[in-house]
Amino acid sequence: MRREGPVVVRGGGEMASAVARLLFLSGFDVVVLERAAPLAVRRRVCFAEAVFSGAASVERVAGRLVPSSAVGAAWKAGGFIPVAVDPDGSSLLRLAPSVLVDGRMGKNPLDTTIAQAGLVVGLGPGFVAGRDVHAVVETQRGANLGRVIWSGAAEEDTSIPAAVAGHAESRVLRAPRAGLFRGRRRIGDLVRVGEVVAEVDATVVAASIAGLLRGLLGDGVLTRAGMKIGDIDPRGGAVDPARLSDKGRAVAAGTLEAVLIGRKGASASVLP
């Protein structure tokens, strides 16, 4: 049985997609709003992939690209999460969400306001609970990952990737310049040190470590110098790039907690 009022999730990257998936499985009508050229790299666990391919699947939950005007019809049809291109959130007034989740992971203040829905939740830094949103969900790895914050902000972004098998920044692929991105290998491929995996306006991007290509930007996306365009997992073939990370699951669980508590008009301060 569907719960009253739709949920709008802004952003279709891994964190936002993990949230959208769990809320959908919990019985909510969910829509994902994305930009026309998504910046998600772990595309096998991102509903943003529907913008490129027309459809996406995140651990057996389907997403389909629809016009923003057709979201209501998609909810009536059921069985999938509609994904609409609406980077400015211009459809919010018409969709009239009871819950708005900003999962764009901008790490800086964005255009989301506390007045846009009955309950507004922000993922990670860039939001202040009680000012910009009703609740913030911690996205920084550590003891507080997934914690719901009803007053104040999440931990500041360190810009340092979490280490995997001893590799931190070296496992991240970054654009060497501004320009048009093209992949030379595919997500799920095993790559060697020095192997060319992508190019930006004919400037090649090589793997600095060996491992499994877990994430890669979509072809045709315009990059800026230094932005993340891919991710290599040094654990290699032991990794399934189509499975959500533990971080994604923790953030999704925290968001569901915020939604269930917030829709009752409660907060951490009145919980037993």
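Rule-based calculations on the coordinates, nothing more; no lab input. Keep in mind that this is a model prediction, so the values were computed, not measured. Don't worry about glycine lacking a Cβ; one is built from the backbone with ideal geometry, like all the others, and counts go over all protein chains shown.
The table below lists the values:
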quantity	calculated
FRET efficiency, 1/(1 + (r/R0)^6) with R0 25 Å, evaluated for residue 219 and residue 195 via beta carbons	0.85
Residue with peak Gaussian network fluctuation, the chain [Cα springs, cutoff 10 Å], from 35, 94, 184	94
Against the rule of thumb 2.2 N^0.38 Å, how large the Cα Rg of the stretch 169-234 comes out	0.95
Proximal aspartates and glutamates relative to residue 228, as straight alpha-carbon distance under 19 Å, when same-chain residues fewer than 8 apart are discounted	14, 34, 49, 156, 157, 169, 189, 195, 199, 201, 219
On Cα atoms only, tilt of 246-262 relative to the major axis of the chain in degrees	10 degrees
Segment residue 178-residue 26, length gained on full extension (0.36 nm per residue, minus Cα span)	50.6 nm
Label-point separation in nm, residue 242 to residue 108, each point 7 Å along Cα→Cβ	3.7 nm
Where labels lie 7 Å past Cα in the beta-carbon direction, separation of residue 228 and residue 210 in nm	2.6 nm
For peptides 187-195, 222-230, 134-142, sequence by mean Cβ density within 10 Å, most packed first	134-142, 222-230, 187-195
Residue with peak Gaussian network fluctuation, the chain [Cα springs, cutoff 10 Å], from 110, 93, 180	93
Per-residue [θ]222 nm for the chain (sum of -39500 (n - 2.57) over DSSP H runs n ≥ 4, rounded to 500)	-4500 deg cm²/dmol
The chain: angle of helix 14-25 to the longest principal axis, Cα-based, in degrees nearest 10	40 degrees
Length-normalised contact order for the chain - Cα pairs under 8 Å, 6+ apart - percent	19 percent
